[in-house]
1. What are the residue pairs meeting all of these: first residue in region 112-123, first residue farther than 15 Å from Pro358 by Cβ and crowded, with 16+ Cβ neighbours inside 10 Å, second residue basic (Lys, Arg) and modelled with pLDDT of 90 or more, Cβ atoms under 7 Å, and 6 or more apart or on different chains?
2. Out of all the residues in region 360-367, is one or more of a type outside the set (D, E, K, R) and in contact with a Cys (Cβ under 8 Å, 6 or more places away or on another chain)?
3. Taking region 295-327 as the search range and keeping residues that are more than 28 Å from the chain's Cα centre (by Cα) and not in a helix (DSSP H, G or I), which one is surrounded by the most Cβ atoms within 10 Å (Cβ to Cβ)?
4. Somewhere in region 203-225, is a residue touching a Lys or Arg at 6+ places or on another chain (Cβ under 7 Å) and either of a type in the set (Asp, Glu) or closer than 17 Å to Val244 by Cα (or both)?
5. If you go through region 173-232 one residue at a time, how many are assigned to a helix (DSSP H, G or I), over 18 Å from Asp98 (Cα atoms) and at pLDDT below 85?
6. Give region 372-397 a look and list any residue that's surrounded by 19 or more Cβ atoms within 10 Å (Cβ to Cβ) and in a loop (DSSP other than H, G, I, E, B), or say none.
7. Whether any residue in region 258-266 is part of a helix (DSSP H, G or I), surrounded by fewer than 23 Cβ atoms within 10 Å (Cβ to Cβ) and touching a strand residue (DSSP E or B) at 6+ places or on another chain (Cβ under 8 Å) is what I want to check.
8. Between Ile166, Ile152, which is touching a Cys at 6+ places or on another chain (Cβ under 9 Å) and among the aliphatic types (A, V, I, L, M)?
Amino acid sequence: MTPLLLLLILTLLFLTYLLSPLLSRDPIPGPLHARLTSLVIKYHEFTATRTSYIHSLHLRYGPVVRVAPNEVVFASAAAVKEIYCSNGSGYDKTEWYDLFKVYDRRTMFTILGKQEHAKRKRVLADRYANSNIMKGGVMDGIKGRARRFREICERGGREAVDLYIILHAYAFDCVTLHLFHPHSANSLTDPKDSEVMLEVTFDSSLQNRLLSHYSPLLHRLLNSLLSSLLNLKPRETPLADSFVLNTAAETNVSPFTLLHRLHHDLPSSSPDMPQIDKAAECLDHMAAGIDTTGDALCFLIWELSQPSSLPYQRKLQEELRSAGENTPVEKLEYLDAVVMEGLRMFPAIPMSLPRYCPPGGRVIDGHEIPGGTIVSCQAYSVQRLEQGGVFEEPDRFLPERWLDGDEEKDRERRRCFFAFSQGGRGCIGKHLALAEMKCLLREVYSNFTTLPGLKMTEKDMEMADLLVSSRPAGQRCLVRFEKLES
């Protein structure tokens with residue numbers, strides 16, 4: 001590197017530091033390079049390690065950390081409330097959510113402004129209400145798919161079963177039940193439907209999509225080389241696209257489905273949606289439902305299968321077998337504690353959810369943040385820091401923490417619970433996801449003890465980031481199922 005080029009780079013970095021709106025405010029903790037460049041945080045995004053990197057910064061610097069010249073991350077209940085809940089829906093989303101546009105259309109998840117989002121949510125929220133999820137059509141369908149899952153595990157005998165694949169198949173079948181019944185998928189039993197699920201589950205377009213977002217020009221210039229030489233594949237899901245475009249055109253669907261809402265039951269105040277917007281919304285919900293629930297269950301069952309977690313597995317089995325199959329899942333306290341602890345340690349969406357600090361700036365967790373600064377919290381860190389004693393031994397899997405009988409502490413725990421985000425833009429599919437998780441865990445642990453597959457390694461189950469969700473790095477999860485005595 002020539003002295004002139006080095007001088008130019010240093011000058012640009014110094015100008016970046018001087019022009020940062022964060023410079024004139026109270027100092028934000030964080031590494032020195034974060035004041036000068038965003039390249040380090042982008043590197044961790046491209047290498048699928050952003051979540052663990054940010055968590056390491058929180059452990060070092062505390063709950064408020066600067067990670068780029070114009071970006072600050074937080075990990076406290078106070079920051080969650082301010083960023084995501086103030087004025088109902090919190091701060092506006094950043095253009096980063098453009099990465100999730102479907103058919104080049106904005107869905108509820110990708111709409112940036114709060115008012116437009118509120119309009120779309122009014123259209124969709126009815127079908128995701130807990131009262132709709134608990135109706136016979138949805139719950140009976142989920143229970144039936146959980147039984148199919150259990151039958152596959154039984155057929156595995158003494159051999160380990162790859163849960164990564166069949167848990168995503170289960171999630172795919174459940175979410176399409178809710179979207180499209182009776183035109184839903186049956187990937188647990190139908191190889192053709194399984195191909196659609198595998199196409200979505202094994203997507204590896206992270207780096208290609210990030211490059212297109214951060215540097216569209218470079219992405220266009222290198223487009224022909226990205227796949228062939230650099231193995232940076234674009235997101236291509238022709239089977240899923242065909243399935244959704246064709247199915248979303250069906251009008252003869254069950255009343256509990258989202259598609260019925262879109263075709264026949266829109267609120268009088270809402271204009272009819274173009275068919276392509278209906279399909280885009282359905283594909284967005286389908287893809288989200290596969291990855292989040294599938295991966296969360298994968299990490300949770302793996303944790304329950306560890307020798308250190310066998311006492312918790314035994315307690316869960318005792319509750320499920322003594323309660324009987326007619327007890328509603330929402331009445332099973334230990335099952336709920338296991339799910340809550342699983343989502344605390346392995347949230348379905350562990351990563352940062354970026355927002356713009358509003359014009360005029362705000363005080364967030366005691367720090368003055370100028371308007372236009374990118375701010376966020378990530379569930380992984382919010383739920384893995386002690387939070388003033390709310391989560392003691394935060395890296396230990398301990399379902400009993402949700403059953404300690406301390407009402408004030410329980411309120412604080414739930415205030416820090418961020419697995420489904422919070423506020424008006426929190427996860428609309430929360431009740432569906434919880435129903436799927438509880439029904440499947442009930443079917444598994446009423447019948448089996450689970451143990452780790454002998455060919456698995458710790459590296460296989462390390463967390464690898466996608467865009468907002470994370471999956472096991474090895475993209476496999478081998479678990480053995482031992483039948484319980486009657």
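The values are calculated or read from the model by the stated rules, or taken from the named source; none is laboratory data. None of these values were measured; they are calculated from a predicted model. All Cβ positions, glycine included, derive from the backbone under ideal geometry; neighbour counts span all protein chains shown.
1. Note: pairs meeting the criteria are His117/Arg425.
2. yes
3. Checked region 295-327; the qualifying residue surrounded by the most Cβ atoms within 10 Å (Cβ to Cβ) is Thr327.
4. Yes, region 203-225 has at least one match.
5. The number of residues fulfilling the criteria is 7.
6. Thr373, Gln383, Arg384, Leu385, Gln387, Val390, Phe391, Phe397
7. no
8. Answer to the selection: Ile166.
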